Amino acid sequence: MKKWLFILFSCCVLIGCQQERVEEVEKEPYAFYEHNKKPREIYLQEGELTKEISYTVLNQHCWNADLSQCSSELKELPSRDIFGHQQEPKFQPNTMVTIMASANEDITLSEEEQLPYPTTIEAFQIVDETLVPVTTLQGNELTLPNEAGVYTYVFKITFDEHYKGIAFYSWRVRVEE
């Protein structure tokens, strides 16, 4: 029994006294484009933070280090049923709303895993089954029409910083006096 303990102790000492160090394995870099995450939620808000917000519906998105590989046009116009049974938010004519991106998921993710924020926003209104560029968009602030009615918008959001991509969101609103 003493021989076995001596042999076991000798092996432990010899193994522990090796000249070669164990190489540390490098952590693979985070492969953002392989995860194909959905982009940040986009919502519209009128005035102060205490006012009610209105979320958009994501139509399509693409992440690619080469932004030219992402479609810069919406594949198909959003159908009416994309909004489900949601009631359109109601706004007064000529109301200015701010287009914002959610930040909820940033709390738990590392910096490299965080979704990018939009760099450019383009707005289109659907008129007679055609996308018409909106001229009342200044930066991320959109002025709603001055005539009552239900309006459907499509927002083209471009992400062109650390991670690159394009996303299209739809939003339907009721303007009434």
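Nothing in this text is a laboratory measurement; each read-out follows from the coordinates by a stated rule. Because the structure is a prediction, the values reported are computed rather than measured. Note that we place each Cβ from the backbone using ideal geometry, even for glycine, and neighbour counts take in every protein chain shown.
Stretched out fully, how many nm does the piece from Ile82 to Ile53 gain, at 0.36 nm a residue minus the Cα gap? Each step should come with its number before you reach the end.
On the way: separation 29, 0.36 × 29 = 10.44 nm, distance 1.88 nm.
Taking 0.36 nm per residue and subtracting the Cα distance, the gain is 8.6 nm.
Count charges around Ala101 for me, please; just the other residues with Cβ under 9 Å from its Cβ, Lys/Arg as +1, Asp/Glu as -1. Write down the numbers at each step before the final one.
Values: positive: Arg40; negative: Glu41.
My count for the surroundings of Ala101 gives 0.
Under a 5 Å amide H to amide H cut-off, with H placed in plane at 1.01 Å, what residues pair with Lys164 once short-range neighbours are removed?
Correct list: Asn64.
Find the relative contact order for region 31-175 and round it to a whole percent, using C-alpha pairs within less than 8 Å whose residues are 6+ positions apart.
Values: 272 pairs, mean separation 47.1, N = 145.
Worked out over region 31-175, it gives 32 percent.
How far, in nm, would the chain grow between Gln138 and Glu161 when pulled straight, counting 0.36 nm per residue and subtracting the alpha carbon separation? Before the final figure, lay out the partial values.
Numbers: separation 23, 0.36 × 23 = 8.28 nm, distance 2.08 nm.
Value of the extension gain: 6.2 nm.
What distance in nm separates the two pseudo spin-label positions at Leu67 and Thr98, each 7 Å out from Cα along the beta-carbon direction?
2.4
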